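In what follows, a structure is listed as structure tokens, so that the remarks can point back to it.
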Amino acid sequence: MPKTVISITPLPLYKDSRTLKIARSIHELGYQSLVWDTQNVRAYPISELPTLPAATKALANNTRKSTLLEFTWRTAKRILTWLGVKQMLRVIGVVVWFRTLVDLFRNARTIRRTLPPADLYYLHSLEFGIIILWRRMTANIPYVYDAHDFYIALHQQKWWQPLHILERLLIKYSAGFVTVSDGVGELYTKTFQRTPVVIPNTQYLPKRNRVTIRKLLRLKKHDFLIVSICRPVEGRAVWPIMEAMMAIDRSNLHLAFIGDGYQEHARTIQARGATSRIHFLPPLAPEMVTDFIADANLGFMPYYVVHENLRQALPNGFFQCVAAGLPVLYDPKLVEIGRICSEYMNGIEIDPLDSDNLAKLIRHLSQSVVECQRLKKNAQKAARHFNWRLETPKIKALLENAIKKSAVKQKG
């Protein structure tokens, strides 16, 4: 009977493509692969993954306590700083610190009631680490901890200290430790003195899909299309490139954003009469994106450095463009993206905050057929080297070593 591996994530799989890819790879390696997420509060086989509408509904119903907590703290801090009440800030900080700790134990209680036993847990979120550590200590169930980000850089406020302590314990007692890029791996090695296995967020190579972004937007072959797969949040400059596109008076230049959160941008673009060239599309299921964007001309990376984690990141949107064979526009301050683009010559350095230079570059590229063909050829070469199938041997070795370590400890 195959061993059971349960992947644990706080997000619906519609939003967590990494969990979905790894769970499918685990299944392909011959394990019984289950996924537990807080949207369904149950484990289910990969064959029963929710459809996109179901996942979208679950996402809409998801309450993000940590996000609300951060917003409340920022607002209170501004008010109290303005009033000059520093002592009150310390008191509120202690209260919020305690609330974070309470949330951790509440999460543990939720998962304890619904998470079945397994031969191995694959943990994609440190928030649920308490119960995983408990089962590791009491039932000797090993686990792999997959750090999608360098969380200390993301959560520097004092109230996140319980999470930092929990992450240190998760890394120490895990049977396997994984992260997403060499740069993030180096940050973890320096901080926790343990080197993770690096499994980047590469994608499956595209198949021939009848539904593509160019067909959906009814664009002609000579139309020049730039795509960006992201949400407009901190560290992502989406407005400057819109300004750049509106500054170029050419009807065959198009820009498309794939993701949610663009309602305000869409209203502004409509008011300025640019809806025929700047498009906003809803988020897609992760496995659909690469095929969908493959007939675009360029991928735009809106990321700029606001913390060390982003400097070392390799986002899904980047690898989706790479797998689709699209050249990319990127900020050279993004070290990991820059390293790949420098090696394969599949991108052009930009300042994503400079709309004037973006307009000049886009105008030039849309008229330079030879340069675009060269970039496209290099991008297709990069796609062959960054394929999710190539990560399978790492995942296989990771699982085998984790289960073997547990077996040795049980015998001991």
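Quick note: the coordinates plus some simple rules give every number you see, no bench work behind them. Fair warning: this is a prediction, and the values are worked out from it, not measured in the lab. Every residue, glycine among them, receives a Cβ derived from its backbone with ideal geometry; neighbour counts consider all protein chains shown.
Numbers below:
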quantity: Trypsin sites (Lys or Arg not before Pro) within the stretch 172-250, DSSP loop, no more than 11 other Cβ atoms inside 10 Å; calculated: Lys207, Arg208, Arg210, Arg218, Lys220, Lys221
quantity: Packing-based exposure ordering (other Cβ within 10 Å, fewest first) of Cys372, Cys230, Cys321, Cys341; calculated: Cys372, Cys230, Cys341, Cys321
quantity: Computed label-point distance, nm, for sites Thr114 and Gln270 using a 7 Å Cα→Cβ extension; calculated: 3.6
quantity: Relative contact order of the stretch 213-386, defined on C-alpha pairs under 8 angstrom at six or more residues apart (%); calculated: 24
quantity: The stretch 213-386 - charge dipole about Cα centre, Lys and Arg +1 at Cβ, Asp and Glu -1, debye rounded to 20; calculated: 680
quantity: Reach of Lys3 by Cα under 15 Å, taken over aspartates and glutamates that are not fewer than 8 positions away in the same chain; calculated: Glu28, Asp119, Glu400
quantity: Label-point gap, in nm, between Thr392 and Lys360 - each point 7 angstrom along Cα→Cβ; calculated: 4.8
quantity: Rounded Å value of the spacing that divides the Cα centres of the stretch 325-359 and the stretch 179-230; calculated: 14
quantity: 14 Å beta-carbon shell around Gly30, net charge (K/R +1, D/E -1); calculated: 0
quantity: Rh (Kirkwood; distinct C-alpha pairs) - the stretch 369-410, Å; calculated: 13.2
quantity: Too-long pairs where the Cα-Cα distance tops 28 Å, listed order kept, from Lys190/Lys394; Lys190/Lys333; Lys220/Lys381; Lys215/Lys396; Lys172/Lys396; Lys221/Lys377; calculated: Lys215/Lys396
quantity: Relative exposure of His364, His27, His124, judged by other C-beta atoms within 10 Å (fewest first); calculated: His364, His27, His124
quantity: Contour excess over end-to-end distance, with Cα ends at Lys405 and Glu371 and 0.36 nm allotted per residue; calculated: 7.0 nm
